[in-house]
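Down below is the structure, laid out as structure tokens.
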Amino acid sequence: MSKNAKVVMASRNKAVLDEIINKYNFKDTDILTVETDVSKEEDCKKLIDATINKFGSIDILINNAGISMRALFEDLNIDVIKRVMDVNFWGTVYCTKYALPYLLNSKGSVVGVSSIAGVKGLPCRTGYSASKFAIQGLLEVIRIENMKNNLHVLIAYPGFTASNIRNVALSKDGSAQGESPLDESKLMTSEEVAKRIIKATIKRKRSLVMTSQGKMTVLLNKFFPKLVDKLVYNHMAKEPNSPLK
């Protein structure tokens, strides 16, 4: 954490925010925590209002709230897609909309945490991929509309990251998956992802693809999309208890 940084953290779970405060040393950091459900527009407005009331300005907005899902589209309850879109896409819309006037004033940065699933559709992740593709379109337009206003927009594309996102991912009926199908110990840590996003934000990069697998997927998909379809299918089919089997 940068010295003398001013940080606002938001989560639906206030206990999680308190745990983070107690776990890490924020001696040189001024921190505000705001209990926020980003799927609710009024909560996102409250988050931005609380930030302005305390600090007076916003330099960087990082949209990183997200949930996932895993099920074949034909088996999926449509409400699951709505729930994923409410958090991943609409949460980004709401927070960015209310923060935008302050970011334009500071010539600041909007960061959207997308995914390789926002570049290449992942089987059994229809709602998740759709939300990440939507974020890409949203932020690209915001970037272009404000290209003369010195607004910086970064879209970050982590690969699989060690977190609880797969444990709480929604199954076909909307219940939590309960366990990760991946070996979390072999994945990039969320701390490493955060460090790379901060560095890219400081450099005002447009995009950030974080893994060699992700970079290869993006490159190959430009020239050989049909091949990548097969590679992605085969890769996802190897997951434990994959719906593709």
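The values are calculated or read from the model by the stated rules, or taken from the named source; none is laboratory data. What you are looking at is a predicted structure, and each value in this text was computed from that prediction instead of being measured. No Cβ is skipped: glycine too gets one built from the backbone with ideal geometry, and neighbour counts run over all protein chains shown.
The set of residues in segment 139-175 that are of a type outside the set (Ser, Thr, Tyr), at pLDDT below 85 and surrounded by 12 or more Cβ atoms within 10 Å (Cβ to Cβ) comprises 159, 160, 162, 165, 166, 167, 168. For segment 85-102, the set of residues classified as of a type in the set (A, V, I, L, M) and more than 18 Å from residue 10 (Cα to Cα) consists of 85 only. In the set (1) of a type in the set (A, V, I, L, M, F, W, C); (2) assigned to a loop (DSSP other than H, G, I, E, B); (3) under 24 Å from residue 228 (Cβ atoms), the condition left unmet by residue 134 is number (2). The set of residues from segment 55-89 being under 16 Å from residue 136 (Cα atoms) and either in contact with a His (Cβ under 7 Å, 6 or more places away or on another chain) or not in a helix (DSSP H, G or I) (or both) comprises 61, 62, 63, 64, 65, 66. Among the residues of segment 26-72, those that are among the charged types (D, E, K, R) and more than 23 Å from residue 195 (Cα to Cα) comprise 35, 37, 40, 41, 42, 43, 45, 46, 49, 54, 70.
Select from segment 98-120 the residues that are free of Cβ contacts under 8 Å to residues at least 40 places away in the same chain and not hydrophobic (A, V, I, L, M, F, W, C) and list them in ascending order. Residues satisfying the conditions are 101, 118. Counting only residues that are surrounded by 12 or more Cβ atoms within 10 Å (Cβ to Cβ), at pLDDT 95 or above, outside any strand (DSSP E or B) and acidic (Asp, Glu), segment 1-49 holds 4 of them. Taken together, 94, 128 contain a single residue that is within 28 Å of residue 224 (Cβ to Cβ) and assigned to a helix (DSSP H, G or I), which is 128. Considering segment 88-138, the residues that are among the small types (Gly, Ala, Ser) and in contact with an Asp or Glu (Cβ under 6 Å, 6 or more places away or on another chain) include one that is surrounded by the most Cβ atoms within 10 Å (Cβ to Cβ), namely 108. Applying the criterion of being of a type in the set (Ser, Thr, Tyr) and without any contact (Cβ under 8 Å) to a residue 40 or more places away in the chain to the residues of segment 185-219, the residue that is surrounded by the fewest Cβ atoms within 10 Å (Cβ to Cβ) is 185.
Looking only at segment 220-245, residues that are of a type in the set (Val, Ile, Thr) and either within 14 Å of residue 71 (Cβ to Cβ) or free of Cβ contacts under 8 Å to residues at least 24 places away in the same chain (or both) come to 0 in all. Among the residues that make up segment 190-198, is at least one of them polar (S, T, N, Q), within 30 Å of residue 107 (Cβ to Cβ) and either at pLDDT below 95 or not in a loop (DSSP other than H, G, I, E, B) (or both)? Yes, there is a match, as at least one residue in segment 190-198 is polar (S, T, N, Q), within 30 Å of residue 107 (Cβ to Cβ) and either at pLDDT below 95 or not in a loop (DSSP other than H, G, I, E, B) (or both).
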